[in-house]
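Before any comments, here is the structure.
The values are calculated or read from the model by the stated rules, or taken from the named source; none is laboratory data. All values derive from a computational prediction rather than experimental measurement. Methodologically, a virtual Cβ is constructed for each residue, glycine included, from the backbone with ideal geometry; neighbour enumeration extends over all protein chains shown. Areas reflect the complete protein model, heavy atoms only, side chains present, ligands, DNA and RNA absent. Shrake-Rupley method; radii C 1.70, N 1.55, O 1.52, S 1.80 Å.
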Amino acid sequence: MQPYRAPVVLLSGQFQPCLPRPAQAVRGLAGGVLLGWGAMTGLGCTVGNLLSGTMAGAVSGWVFGLSTLVAVWAGLKAGWAPRRR
C-alpha cells in the first residue's frame, strides 16, 4: 500500500485487520519453512540465483529460471493460487 493512501483507508473504516484461520497459519508456516530450506540448499535466494546466474551466463541460472516458471505454472493450474475476495 502506498503511504499516501494509509490515512484515507484508515478514515474510511475499511481497514479491518484479522487473525488468520488455523489452516492459513499452517499453510503460511509450511511455505516459510520450504522457502527457507530452498534458500539454504540453493545457496542463496531466488532473486539472487536467477538474476546473478543469468547475468553471469551460468547454465544454473537459466535452469533455475525455467524450473521456477514451470513450478509456478503447475501451481496455478493445480489451483494453489490464493483466492481473491
inquiry  = With the requirement that a residue be more than 18 Å from Leu35 (Cα to Cα) and touching a helix residue (DSSP H, G or I) at 6+ places or on another chain (Cβ under 7 Å), what does the range 53-74 give you?
reply    = Gly53, Thr54, Ser60, Trp62
query = Would you pick out the residues in the range 25-34 that are open to solvent by 70 Å² or more (accessible area, probe 1.4 Å) and more than 22 Å from Phe64 (Cβ to Cβ)?
reply = Val26, Arg27, Leu29
message = So Leu19 passes all but one of these: (1) open to solvent by 70 Å² or more (accessible area, probe 1.4 Å); (2) in a helix (DSSP H, G or I). Which condition number does it fail?
response = (2)
query = Restricting the search to the range 35-81, which residues are open to solvent by 70 Å² or more (accessible area, probe 1.4 Å) and at positive phi?
reply = Leu43
note = Taking first residues from the range 48-74 that are closer than 19 Å to Gly31 by Cα and second residues anywhere that are open to solvent by 70 Å² or more (accessible area, probe 1.4 Å), the pairs with Cβ under 7 Å that are 6 or more apart or on different chains are Thr68/Thr46
